[in-house]
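In what follows, a single structure is set out as structure tokens and then discussed.
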Amino acid sequence: MLSIHSLLPLLKQAYPQLSFRPGTDFSWSPSEQVVYFEPHADDQWVMLLHETAHGLLRHTDYTKDVELLKLERQAWDRAQELARGYHEMIQEEVIEANLDSYRDWLHSRSTCPACRATGVQVKRRTYSCLACRHHWLVNEARTCALRRYVVTSI
């Protein structure tokens with residue numbers, strides 16, 4: 001069974017173009033080309049592979065929120081390939097649970113604070129409701145609480 005501490009040296013050797021550093025969360029930093037991992041979460045090798053996959057896919061940024069879901073799916077598909085190379089398997093339930101968190105995030109951002117209908121993203125952090133014509137701004141909110149702010153015009 002893989003662990004972060006057994007997998008880390010293998011990843012460092014296989015992918016010298018990436019750096020791996022301990023952090024407070026699992027994440028990929030495209031600007032630094034660094035995969036951050038939680039050193040005390042030794043059983044979370046799946047997350048280490050997932051963030052490594054982001055790096056190998058050279059994921060940087062996204063313009064529309066729905067694009068983030070696409071990037072996440074690509075990273076999970078690549079992580080599955082990586083896992084097979086280490087004779088492991090990532091359960092589909094694990095992948096779907098992680099993707100569900102992004103689906104929930106996207107749904108929350110696109111829900112109109114005025115009438116609760118689903119809106120559409122019109123700018124980087126701006127949504128508009130097709131039902132009531134309300135506009136709102138959202139914060140980044142991938143690792144913090146979602147905030148929506150009313151906009152009078154866009």
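The values are calculated or read from the model by the stated rules, or taken from the named source; none is laboratory data. These figures come from a predicted structure and were not determined experimentally. Virtual Cβ from ideal backbone geometry, glycine too; neighbours counted across all protein chains shown.
Which of the residues spanning region 70-82 are over 21 Å from residue 33 (Cβ atoms) and touching a Leu at 6+ places or on another chain (Cβ under 6 Å)?
Within region 70-82, none qualify.
Which of the numbered conditions does residue 78 fail, given that it passes all the others? Conditions: (1) surrounded by fewer than 17 Cβ atoms within 10 Å (Cβ to Cβ); (2) among the charged types (D, E, K, R); (3) touching a residue at least 12 places away in the same chain (Cβ under 8 Å).
All conditions pass for residue 78, except number (1).
Suppose we keep only residues that are in contact with a strand residue (DSSP E or B) (Cβ under 6 Å, 6 or more places away or on another chain) and either β-branched (Val, Ile, Thr) or outside the structural domain of residue 99 (by TED's automatic domain parsing) (or both) within region 35-59. Which one would you say is farthest from residue 71 (Cα to Cα)? Outline the logic, then answer.
The first filter runs over region 35-59 and keeps only residues in contact with a strand residue (DSSP E or B) (Cβ under 6 Å, 6 or more places away or on another chain), leaving 35-36, 39, 48, 51-52, 54-55.
Next, only the ones that are either β-branched (Val, Ile, Thr) or outside the structural domain of residue 99 (by TED's automatic domain parsing) (or both) stay: 35, 52.
Numbers: 35: 16, 52: 13 Å.
Of everything passing the filter in region 35-59, 35 is farthest from residue 71 (Cα to Cα).
Quick check on region 59-66. Is at least one of its residues among the charged types (D, E, K, R), assigned to a helix (DSSP H, G or I) and at pLDDT below 95? So that I can check it myself, show each step before the final result.
Within region 59-66, the first condition is being among the charged types (D, E, K, R), and the residues that meet it are 61, 64-65.
Subsequent filtering for residues that are assigned to a helix (DSSP H, G or I) retains 65.
Still in the list and also at pLDDT below 95: 65.
The answer is yes; a qualifying residue exists.
Could you please tell me which pairs satisfy a Cβ distance under 7 Å, a separation of 6+ or placement on different chains, a first residue in region 119-144 that is modelled with pLDDT of 95 or more, and a second residue that is among the acidic types (Asp, Glu) and buried (at least 17 other Cβ atoms within 10 Å of the Cβ)?
121/65
Out of 65, 25, report the one residue that is closer than 22 Å to residue 99 by Cα, acidic (Asp, Glu) and touching a strand residue (DSSP E or B) at 6+ places or on another chain (Cβ under 6 Å).
Numbers: 25 fails: touching a strand residue (DSSP E or B) at 6+ places or on another chain (Cβ under 6 Å).
Going through 65, 25 in turn, just one is closer than 22 Å to residue 99 by Cα, acidic (Asp, Glu) and touching a strand residue (DSSP E or B) at 6+ places or on another chain (Cβ under 6 Å): 65.
Could you tell me whether residue 83 is buried (at least 18 other Cβ atoms within 10 Å of the Cβ) and either of a type in the set (Val, Ile, Thr) or touching a helix residue (DSSP H, G or I) at 6+ places or on another chain (Cβ under 8 Å) (or both)? So that I can check it myself, show each step before the final result.
Values: buried (at least 18 other Cβ atoms within 10 Å of the Cβ): yes; either of a type in the set (Val, Ile, Thr) or touching a helix residue (DSSP H, G or I) at 6+ places or on another chain (Cβ under 8 Å) (or both): yes.
Taking the combined requirement at face value, the residue satisfies it.
List pairs: first in region 104-115 and more than 13 Å from residue 126 (Cα to Cα), second crowded, with 17+ Cβ neighbours inside 10 Å, Cβ under 6 Å, 6+ apart or cross-chain?
That search, which allows pairs on different chains as well, returns 114/134.
Any idea how many residues of region 11-38 are surrounded by 13 or more Cβ atoms within 10 Å (Cβ to Cβ) and not charged (D, E, K, R)? Let's see the steps before the verdict.
Going through region 11-38, the residues surrounded by 13 or more Cβ atoms within 10 Å (Cβ to Cβ) turn out to be 11-12, 14-15, 18-20, 23, 26-29, 34-38.
When the remaining residues are screened for being not charged (D, E, K, R), the result is 11, 14-15, 18-20, 23, 26-29, 34-37.
Looking only at that region, the number is 15.
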